[in-house]
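All remarks here apply to the structure that follows.
The values are calculated or read from the model by the stated rules, or taken from the named source; none is laboratory data. Computed from a predicted model, the values in this text were never measured in an experiment. Reconstructed Cβ throughout: ideal geometry from the backbone, glycine too, with neighbour counts over all protein chains shown. Only protein heavy atoms, including side chains, enter the accessible area calculation; ligands, DNA and RNA are left aside. Shrake-Rupley method; radii C 1.70, N 1.55, O 1.52, S 1.80 Å.
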Amino acid sequence: MCGIIGYVGPRNAQNVLVDALRRMEYRGYDSAGIAVGTDDGLVWRKKAGKLSNLEAELAASPIPASHIGIGHTRWATHGAPTDANAHPHISADGRVALIHNGIIENFAPLRAELEAQGVAFRSQTDSEVASQLVAREIAQGAGLADAMRAVSRRLEGAFTLVAMDAQNPDLLVASRRNSPLVMGVGEGEMFVASDVAAFIEFTREAVEMGQDVVVEVTRDSWKVTDFDGTP
């Protein structure tokens, strides 16, 4: 099962994300990646194979220090274990980064819909559909949380999604249906993850998310609604 981590707070996000992914290696995976938010937009690195491959990529091609980011280890379902199919998935406009655990059962018609509108896909995954749909909602005027709620209502299957918006670099938004999602509440920092092991080094205050919910997280606040926006 995929490992998911999101972080916002005062620490260097890259270090938090990579350490969290290492603590979730026991879950099994075939690729790994991270994305962070910077003043110049999203920056990401992802590699097929072991986490050490990602670490080597980060050493060879460093990314700027950041205080918000998402990380993922993937088991291939739709699409082979390649660099392109690894998470995070970045929307065609470069604005949204998204990670996903689970299977989106109706991804094929959703992908066809987006391709008919001219969206160019970079991967063969079901997961990228979610990143492109969220970006489309934002392009039409929605905020990240409203976009996530709208997309979650359209998806069928099981999913945990975590997304960030390049133009709102202080916010993470996550969604859950039939797939694990837990939040870690720290001192001036917050975590979202598929497993408490991801953030146990930093906080022992954990909040398990219920079914069909969206959580909005900043470094010092969190808000949970259902897919229709009801708190």
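For every residue, the table says whether it meets (1) closer than 24 Å to residue 43 by Cβ; (2) in contact (Cβ under 8 Å) with a residue 60 or more places away in the chain; (3) aromatic (Phe, Trp, Tyr); (4) surrounded by 15 or more Cβ atoms within 10 Å (Cβ to Cβ).
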position	(1), (2), (3), (4)
193	yes, yes, no, yes
198	yes, yes, no, yes
203	no, no, no, yes
210	no, no, no, no
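Only residues that are touching a strand residue (DSSP E or B) at 6+ places or on another chain (Cβ under 7 Å) and among the hydrophobic types (A, V, I, L, M, F, W, C) were counted in segment 92-117, giving 6.
When you go through 171, 155, 161 one by one, which is the residue that is more than 14 Å from the chain's Cα centre (by Cα), of a type in the set (A, V, I, L, M) and either crowded, with 19+ Cβ neighbours inside 10 Å or under 24 Å from residue 135 (Cβ atoms) (or both)?
Working: 171 fails: more than 14 Å from the chain's Cα centre (by Cα); 161 fails: more than 14 Å from the chain's Cα centre (by Cα).
Being more than 14 Å from the chain's Cα centre (by Cα), of a type in the set (A, V, I, L, M) and either crowded, with 19+ Cβ neighbours inside 10 Å or under 24 Å from residue 135 (Cβ atoms) (or both) holds for just one of 171, 155, 161, which is 155.
Residue-level analysis places residue 225 outside the set of residues that are free of Cβ contacts under 8 Å to residues at least 12 places away in the same chain, among the hydroxyl-bearing types (Ser, Thr, Tyr) and on the phi < 0 side of the Ramachandran plot.
When you look at residue 203, is it farther than 19 Å from residue 34 by Cα, touching a Pro at 6+ places or on another chain (Cβ under 8 Å) and hydroxyl-bearing (Ser, Thr, Tyr), yes or no? Quick ask: steps written out before the conclusion?
Numbers: farther than 19 Å from residue 34 by Cα: yes; touching a Pro at 6+ places or on another chain (Cβ under 8 Å): no; hydroxyl-bearing (Ser, Thr, Tyr): yes.
Criteria not met by residue 203.
Within segment 112-128, how many residues turn out to be in a helix (DSSP H, G or I) and either open to solvent by 50 Å² or more (accessible area, probe 1.4 Å) or of a type in the set (S, T, N, Q) (or both)?
Residues in segment 112-128 being in a helix (DSSP H, G or I) and either open to solvent by 50 Å² or more (accessible area, probe 1.4 Å) or of a type in the set (S, T, N, Q) (or both): 5 in total.
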